1. In the range 279-295, which residues are more than 21 Å from the chain's Cα centre (by Cα) and over 30 Å from Tyr245 (Cβ atoms)?
2. Just the residues that are assigned to a helix (DSSP H, G or I) and of a type in the set (A, V, I, L, M), please, taken from the range 1-27.
3. How about the range 370-389: which of its residues are more than 24 Å from the chain's Cα centre (by Cα) and over 22 Å from Pro311 (Cα atoms)?
4. For the range 328-337, state whether one or more residues are without any contact (Cβ under 8 Å) to a residue 40 or more places away in the chain, closer than 21 Å to Gly351 by Cα and not in a helix (DSSP H, G or I).
5. Would you be able to tell me the number of residues in the range 1-16 that are at pLDDT 85 or above and exposed (fewer than 15 other Cβ atoms within 10 Å of the Cβ)?
6. Within the range 338-383, take every residue that is part of a loop (DSSP other than H, G, I, E, B) and closer than 29 Å to Asn219 by Cβ and give me the one that is modelled with the highest pLDDT.
7. Among (1) part of a helix (DSSP H, G or I); (2) touching a residue at least 40 places away in the same chain (Cβ under 8 Å), where does Glu42 come up short?
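The values are calculated or read from the model by the stated rules, or taken from the named source; none is laboratory data. Owing to the predicted nature of the structure, the values given are computational and were not obtained by experimental measurement. Neighbour counts run over all protein chains shown; Cβ positions are idealised from the backbone, glycine included.
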Amino acid sequence: MKLAVKQKRLGPWAFFVCVMGVELIQILAIDMYAPALPSMAEAFGVSALYLNNTVFSFLFASTIAMVLAGPISDRFGRKPVFLAGCALFTAGSLLCAMAPNVEVLIAARAIEALGCGCSTTLAAAIVQDAYEGEDLKLAMTLLQSLVIAGPVLAPFLGSFAVEHVGWRGIFWGLTVGGVVTIVMAGLISETYDAQANAGKKLGATLLSMVRGAKTLLSNKSFTALALFIGVTGIPFFAFIAVSSYILLDDFQMSYLGYSFIYAGACLANMIAPFVYMRLSRTLYTAQIMKIVIVLMFAAFALLALIGKVSPVLFLLAFVPYALSEGIARPAAYLVLLDQPSEVVGTASAIGNFSYGVITAFATIAATLPWPSFLFGLAALVLISALGSLALYAIGRGGWVAK
């Protein structure tokens with residue numbers, strides 16, 4: 001690979017490793033934390049519903065950061081915002097490790113998430129700035145392919161930490177990882193000429209985004225699809241929130257067994273975009289979304305019928321949904337981003353905001369006083385399927401990309 005933007009300290013591959021390393025380390029913060037939830041609830045003496053505010057605060061804050069990071073970096077440059085994100089992530093992780101109560105942990109998770117949202121958003125932008133042509137395609141493909149290892153590795157790392165050093169060990173590990181990201185981000189030279197936008201105030205940039213959003217949201221097909229992304233994501237984040245309670249407490253699995261089941265669901269979700277690529281050769285987006293909805297209803301039926309029999313059957317019942325969510329995301333974004341160039345960034349921000357906010361609330365809904373966590377998960381799959389069906393009926397006329 002060759003760099004289109006000169007780097008003072010790094011060659012093409014070392015540059016890529018630094019960018020990828022920052023994103024990979026920070027993305028562990030979501031899934032690495034999941035196996036610790038039951039032990040944390042016991043340690044703090046709080047309910048699963050109350051503890052899951054720590055998951056909600058992370059997802060909500062990271063969504064806000066994702067929306068704002070792009071415009072801020074356009075004004076001030078990629079590196080300062082990227083480096084600030086790494087510093088916030090490190091500080092938030094340290095506060096999590098030292099948190100004396102859940103309330104402090106909720107606030108610390110939000111700080112950690114602000115940093116994570118900034119850094120992970122800008123990782124793709126930095127790669128976009130630094131490479132061109134075939135090198136850019138290769139870098140983007142590798143970045144996305146390598147980062148998907150995070151959700152698979154995270155439960156094993158989290159389970160190991162909980163068993164050997166306790167839940168605080170997870171955050172001490174993330175703190176050390178955060179320091180590493182600061183070093184890697186510091187080695188990267190600026191990739192974007194912020195001077196081009198020096199005369200444009202940040203407020204003007206954000207106002208332009210708001211105006212673009214108003215125009216896009218006036219289109220009912222666009223709005224329905226933006227909501228569709230979030231609604232189809234509800235059960236997956238509910239799974240993140242309650243799978244540890246279902247597998248560790250209800251099924252009495254070991255941490256290792258839990259990690260394999262969790263990783264299995266993540267793998268199904270990661271394979272799904274490749275299924276979408278195959279389907280998109282012959283089907284339009286609206287037709288693909290029909291398959292997504294059918295898979296969601298199938299997952300609900302299987303969870304209701306066999307989900308409580310054994311951990312393996314629970315996983316098999318959830319797989320159709322995991323596939324549906326992974327198919328829906330790339331299919332939806334293809335249509336959402338098919339906009340005039342001046343509003344593509346705004347369209348992406350709307351999609352990310354919808355997905356982030358709706359799925360953040362899903363983590364709270366998952367721990368409501370259902371008859372059981374598995375019952376609640378199945379109910380949310382059904383609610384998600386019905387919501388997706390309604391949005392499909394509203395917007396399908398405009399979902400024609402292939």
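1. Selection gives Leu279, Ser280, Arg281, Thr282, Leu283, Tyr284, Thr285, Ala286, Gln287, Ile288, Lys290, Ile291.
2. Hits for the range 1-27 are Ala14, Val17, Val19, Met20, Val22, Leu24, Ile25, Ile27.
3. none
4. Yes - at least one qualifying residue is present in the range 328-337.
5. Residues in the range 1-16 being at pLDDT 85 or above and exposed (fewer than 15 other Cβ atoms within 10 Å of the Cβ): 5 in total.
6. Asp338
7. Among (1) part of a helix (DSSP H, G or I); (2) touching a residue at least 40 places away in the same chain (Cβ under 8 Å), the lone unmet condition for Glu42 is (2).
Conditions tested, residue by residue: (1) in the same structural domain as Pro38 (by TED's automatic domain parsing); (2) surrounded by 17 or more Cβ atoms within 10 Å (Cβ to Cβ); (3) at pLDDT below 90.
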| residue | (1), (2), (3) |
| --- | --- |
| Thr141 | yes, no, yes |
| Gly178 | yes, yes, no |
| Gln195 | no, no, yes |
| Gly199 | no, no, yes |
| Ala204 | no, no, yes |
| Lys220 | no, no, no |
| Leu227 | no, yes, no |
